[in-house]
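As structure tokens, the structure follows; a few thoughts come after it.
The values are calculated or read from the model by the stated rules, or taken from the named source; none is laboratory data. This is a predicted model, so every value here is computed, not measured. Because the Cβ atoms are built from the backbone with ideal geometry, glycine has one as well, and the counts that use them run over all protein chains shown. The area values use the complete protein model at the heavy-atom level, side chains included, leaving out ligands, DNA and RNA. Shrake-Rupley method; radii C 1.70, N 1.55, O 1.52, S 1.80 Å.
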Amino acid sequence: TERTRRQWSTPIIFLTQEKNPKTIRQALQAGADEYLFKDELSDILLMEVLQNVLKKNQTKREQQEREVILKEQAEKDGLTDLYNQRFFRETVAREFERARRYQRPLSLILMDLDGFKSINDTCGHPEGDRTLIQIARILLQGVRFVDSVSRMGGDEFSILLPETEIKSTLRIANRLLKDIRQNPLLSGKKVFPLSASMGVSCFHEGLLSPNHLIPEADQALYKAKKN
């Protein structure tokens with residue numbers, strides 16, 4: 001599972017002989033958590049300050065952890081831990097603008113599982129959920145770190161590939177399809193073959209906004225599904 005990198009700052013106590021408010025203010029602005037005057041230093045006072053700083057730092061860490069969790073919940077799909085549709089659309093808009101401004105390649109794959117409803121109907125929704133988790137793992141293992149894999153809802157997924165031309169995107173799509181087909185769902189003594197339909201689109205001069213990139217892939221997906 002991709003997790004957000006967390007970096008915590010080390011608590012800093014500023015020890016000084018100066019009692020100039022300006023010096024103290026500059027030290028606090030530079031990142032000090034607390035300050036002590038050398039001529040007032042004692043073991044008891046130092047212990048109290050240390051405990052206070054450590055407590056404040058722990059509170060700060062807990063707040064940062066809560067913020068990270070809330071951010072992930074806003075961006076991630078609860079079942080598969082992939083990015084959700086909201087994050088996908090924000091990422092498409094950002095990457096589309098970068099591709100347009102710097103004339104860089106950008107590709108999109110939309111994917112829909114074939115016959116997924118029959119798994120839910122035959123084995124139940126828990127097995128359907130297990131299938132979606134399995135598919136998510138296959139997709140994540142088959143793309144680069146810079147690519148964004150999202151669950152759009154139900155059994156629909158998307159893969160956004162920056163710096164990727166159409167030929168490379170088609171190779172990736174075919175390889176992912178092969179990986180999906182080589183990993184059927186095992187439910188008790190039953191084996192359910194898995195497959196998917198995919199549609200691909202790439203950035204080109206005729207696209208005026210990211211709102212046009214998605215429909216092109218969606219139309220291709222519709223044709224693949226129909227065939």
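So if R0 is 35 Å, what FRET efficiency would Asp218 and Ile13 give, r being the distance between their Cβ atoms, rounded to the nearest 0.05? Walk me through the numbers before you get to the answer.
Details: r = 58 Å, r/R0 = 1.66.
The computed FRET efficiency comes out at 0.05.
Express the relative contact order of the chain as a whole percentage, based on alpha carbon pairs under 8 Å and six or more residues apart in sequence.
19
In whole Hz, with x marking every Gly and Pro, tabulate ³J(HN,Hα) for segment 215-227 from phi via Karplus 6.51 cos²θ - 1.76 cosθ + 1.60, θ = phi - 60°.
Along segment 215-227, the couplings run x, 4, 5, 5, 5, 5, 4, 4, 5, 5, 5, 5, 8 Hz.
Using modelled amide H (1.01 Å from N, peptide plane; none on Pro or chain starts), what sits under 5 Å from the amide H of Ala196, excluding residues fewer than 5 places away?
Distant-sequence amide H within range of Ala196: Asp114.
What does the C-alpha gyration tensor say about the overall shape of segment 60-164? Classify as rounded when a/c is under 1.5, otherwise prolate if a/b is larger than b/c, or oblate. Please report the intermediate quantities before stating the final value.
Numbers: a/c = 2.53, a/b = 1.24, b/c = 2.04.
The shape class here is oblate.
Please list, in order along segment 146-160, the HN-Hα scalar couplings obtained from phi with the Karplus expression 6.51 cos²θ - 1.76 cosθ + 1.60 (θ = phi - 60°), rounded to whole Hz, x for Gly and Pro.
The phi angles translate into 7, 7, 10, 9, 10, 9, 7, x, x, 10, 10, 10, 9, 9, 9 Hz.
As an exercise, find the ratio Rg/Rh for segment 72-227 from alpha-carbon atoms, using the Kirkwood inverse-distance average for Rh.
Dividing the radius of gyration by the Kirkwood radius yields 0.98.
Too long at a 23 Å Cα-Cα cut-off: which of Lys55/Lys76; Lys117/Lys178; Lys178/Lys223; Lys117/Lys189?
Numbers: Lys55/Lys76 31 Å; Lys117/Lys178 21 Å; Lys178/Lys223 19 Å; Lys117/Lys189 19 Å.
Listed pairs above 23 Å: Lys55/Lys76.
With point charges of +1 on the Cβ of Lys and Arg and -1 on the Cβ of Asp and Glu, referenced to the Cα centre of segment 182-227, which listed residue (Ala220, Met198, Leu186) lies farthest in the positive direction of the dipole?
Value: Leu186.
Residues of segment 137-179 with amide nitrogen under 20 Å from the 7 Å Cα-to-Cβ point of Asn120?
137, 150-158
Carbon and sulfur together cover what percent of the accessible area of the chain at a 1.4 Å probe radius?
Numbers: 7360 of 14310 Å².
Here it works out to 51 percent.
When the chain is modelled as a GNM with alpha-carbon springs shorter than 10 Å, which of Ile12, Ile159, Ile133 fluctuates the most?
Ile12
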